[in-house]
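Engineer: Got a structure for you, questions after.
What follows draws every value from the coordinates through simple rules; no lab data is involved. No experiment lies behind these values; they were computed from the predicted model shown. Cβ: placed from backbone, ideal geometry, glycine included. Neighbour counts: every protein chain shown.
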Amino acid sequence: MITESTPIRRKPNLLDAEVDGEIVALDVEAGDCYGFNSVASAVWNCLEDVTSIDAICAHLCGEFDVPEKVCRSEVVGLIKRLNDDGLIMASEPLQR
């Protein structure tokens, strides 16, 4: 189960590209294609490296004019969908 402090990242072997400021991701193994709006694209970009919901929310609140509570609710929902679709995974924390 992914919590707000669980280290998470994209699953390996997913392809993605930016098209008109938004991300299109492809899960070649499953044959599924995903399109992300600009905010979901920002979350997707955060997931390139190991991160957490807490870190993603901190980043987005700094980038966009959004209340933290609203941001957290939206990010938690998106992370749940990405996890349910098999696009992200819990990960070991980055070694610093």
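Engineer: How many nm is it between the label spots at Glu29 and Ala17, if each spot is 7 Å from the Cα in line with the beta carbon?
Structural biologist: Those two pseudo-labels are separated by 2.3 nm.
Engineer: So how far apart, in nm, are the two label points at Asp49 and Asp65 if each is 7 Å from Cα heading toward Cβ?
Structural biologist: 2.9 nm
Engineer: When semi-axes √(5λ) of the Cα gyration tensor in Å is calculated directly from the model, which label among (1) 22, 18, 9; (2) 20, 17, 12; (3) 40, 15, 11 fits?
Structural biologist: The value matching this structure is (2).
Engineer: Let me ask something else. Short version: ³J(HN,Hα) in whole Hz for each residue of segment 27-35, in order, from phi by Karplus 6.51 cos²θ - 1.76 cosθ + 1.60 (θ = phi - 60°), x for Gly and Pro, what are they?
Structural biologist: 9, 4, 4, 8, x, 9, 10, 10, x
Engineer: Could you tally the net charge around Ile53, taking each other residue with its Cβ under 9 Å from the Cβ of Ile53, Lys/Arg +1 and Asp/Glu -1?
Structural biologist: -1
Engineer: Something else: Please list 47-60, 77-90 highest first by mean number of surrounding beta-carbon atoms within 10 Å per residue. Don't jump to the answer; show the numbers that get you there.
Structural biologist: Details: 47-60: 17.7, 77-90: 15.9.
Going by the mean number of other Cβ atoms within 10 Å, highest first, we get 47-60, 77-90.
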